[in-house]
Amino acid sequence: MTKMIKIFDTTLRDGEQSPGCSMNLKEKIEMAKQLERMKVDVIEAGFAISSPGDFHSVKTIAETIKDCTVASLARTTEQDIDRAWEALSGAVSPRIHTFIATSPIHMEYKLLMTPEEVYERSVAMVKHAKRYCSDIEWSAEDATRSEPEFLARVIEGVIKAGATTINLPDTVGYTTPDEYYAFLMKVQELAPSMVNITLSSHCHNDLGLAVANSLAAIKAGAGQIECTINGIGERAGNAAMEEIIMALHTRKDSLQADTRVVTTEIVRSSNLLSRITGVKVQPNKAIVGENAFAHESGIHQHGVMKNRETYEIMTPESVGLTQNNLVLGKHSGKHAFRDKVKNLGYELTETEIDRMFQKFKELADKKKSVYDRDIEALISKEAVQVPK
Ligand code: KIV
Ligand code: ZN
């Protein structure tokens, strides 16, 4: 049976923490509306207490968005939680997301707290948040470097206090898929109350493993994945939402999991974020990179023209592209060239095609990619024929 995984988008909170990705109120609302159109399950709209601007955007998004849960981040302090609730109270489906670090290194050097204090603070603050709303997420920052036995004890405490989602992040992007899987299984074994709540995963990409680790979490029973559009986020970023969604969508039979996300909105969301932040995605980025559906070599182009499944495991249309992108270059073959010329509106004889193909190869040797405008220039220079 296919399990439906909740997509928790943190583009507007963790994503915004990445250098060069800050957004103003208008841009955040535009992005939130697109996320709603895309049907993510949860939008983390910001960290209400962090600044008046963040408070205002969480509040406006909470009052605007109707079809997604809207969350605000809060540390485990009364002040943070009160401010988060002040911003969220107008939401149709509000969630308070409170967090504290549980690893020895974070507790000792950053929090200056003993494990016992972290336990007590967590339980007390989940109880405090529960007075405001029923949907409470508790996150153990740096969970993957925490002691499973201690973590399990805190988890049992916060579930009893009312937490409905338990998030176990790989905050520093250190874990590996097998290790994360084993860790999550162990924690669930040690904290039996977790069968009654949603387990969430939140992975950072320092070793380029955030998506693989998120998929391992699903295998270990996670029902929610936290991620960002284009994988933006602290340092090397967060797990890329489009990659997780399309991995589940394309391999749902073997992974036995899928999401409710409208996949055809993926490219639009990615482009909108790039336009707003001015941060472009690399051309070879999976799913949304400019070359993700481009076939350059002659053999590949020929194959795709005969049957797209030869080299395409998903269609460009499924992520919202209207057609695949045959970029011509020096490895392109005559089939692709003929096809391109035809799509540009030219009707050439086979002799003309042969001659133009020769010219095209000479040009491709000098230029990395040959664009439509180059081919049009070639054809008109040779005065072969005018377009229909
Ligand atoms: O990476 C992390 O641990 C976080 C938490 C605040 C959820 O972003
Ligand atoms: Zn994070």
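Throughout, read-outs are computed from the coordinates displayed, never taken from laboratory work. None of these values were measured; they are calculated from a predicted model. Because the Cβ atoms are built from the backbone with ideal geometry, glycine has one as well, and the counts that use them run over all protein chains shown.
For the reader, a short list of remarks on this structure follows.
- Full-extension gain in nm, Lys368 to Arg260, via 0.36 nm per residue minus C-alpha separation: 34.9 nm
- Estimated 222 nm signal from helices in the chain, with DSSP H stretches of n ≥ 4 weighted -39500 (n - 2.57), rounded to 500: -13000 deg cm²/dmol
- Computed from the Cα positions only, the extents of region 218-278 along the three principal axes stand at 37, 27, 14 Å, in decreasing order.
- The Rg/Rh ratio of region 98-171, with Rg taken over Cα atoms and Rh as the Kirkwood radius over Cα pairs, comes to 0.95.
- Loop sites here are GluC sites (Glu not before Pro) outside DSSP states H, G, I, E and B with no more than 14 other Cβ atoms within 10 Å. The longest part of the chain free of them is 1-289.
- Annotation for region 220-283: trypsin sites (Lys or Arg not before Pro) lying in DSSP loop with at most 16 further Cβ atoms inside 10 Å of their Cβ are Arg235, Arg251, Arg260, Lys280.
- Available extension along the chain between Asn24 and Ser318 is 102.8 nm, counting 0.36 nm per residue and deducting the alpha carbon span.
- About the Cα centre, charge dipole magnitude for the chain (Lys/Arg +1, Asp/Glu -1 at Cβ), debye: 1100 debye
- Shown for region 144-213 is the translational diffusion coefficient from the Stokes-Einstein equation, using the Kirkwood radius over Cα pairs, a temperature of 25 °C and a viscosity of 0.890 mPa s: 199 µm²/s.
- In this structure, the amide hydrogen of Leu207, modeled 1.01 Å from its nitrogen in the peptide plane, lies closer than 5 angstrom to no residue at least 5 positions away or on a different chain.
- A Förster radius of 22 Å, combined with the Cβ-Cβ distance separating Ala182 from Glu108, puts the computed FRET efficiency at roughly 0.30.
- Restricting the calculation to Cα atoms, region 223-335 shows an Rg/Rh of 1.00 when the hydrodynamic-style radius is the Kirkwood one.
- Rounded to the nearest 10 degrees, the inclination of helix 52-64 to the longest alpha-carbon principal axis of the chain is 80 degrees.
- Placing +1 on each Lys and Arg Cβ and -1 on each Asp and Glu Cβ, with no other charges, gives region 40-106 a dipole about its Cα centre of roughly 40 debye.
- The charge dipole of region 103-157, taken about its Cα centre with unit charges on the Cβ atoms of Lys, Arg (+1), Asp and Glu (-1) only, comes to about 240 debye.
- Selection among Ile232, Pro177, Leu273 by position relative to the dipole of region 170-288 gives Leu273 as farthest towards the positive end (Cβ unit charges, Cα centre).
- Beta bridge orientation in the chain: antiparallel %, DSSP, nearest 5: 5 percent
- Label point 7 Å beyond Cα of Lys66 along Cβ direction - residues of region 88-102 with amide nitrogen under 19 Å: 89-95
- 19 Å Cα-Cα threshold exceeded, pairs from Lys6/Lys252; Lys306/Lys359; Lys28/Lys59; Lys66/Lys130: Lys306/Lys359; Lys66/Lys130
- For the chain, the mean projected area of the C-alpha convex hull, equal to one quarter of the hull surface, is 21.3 nm².
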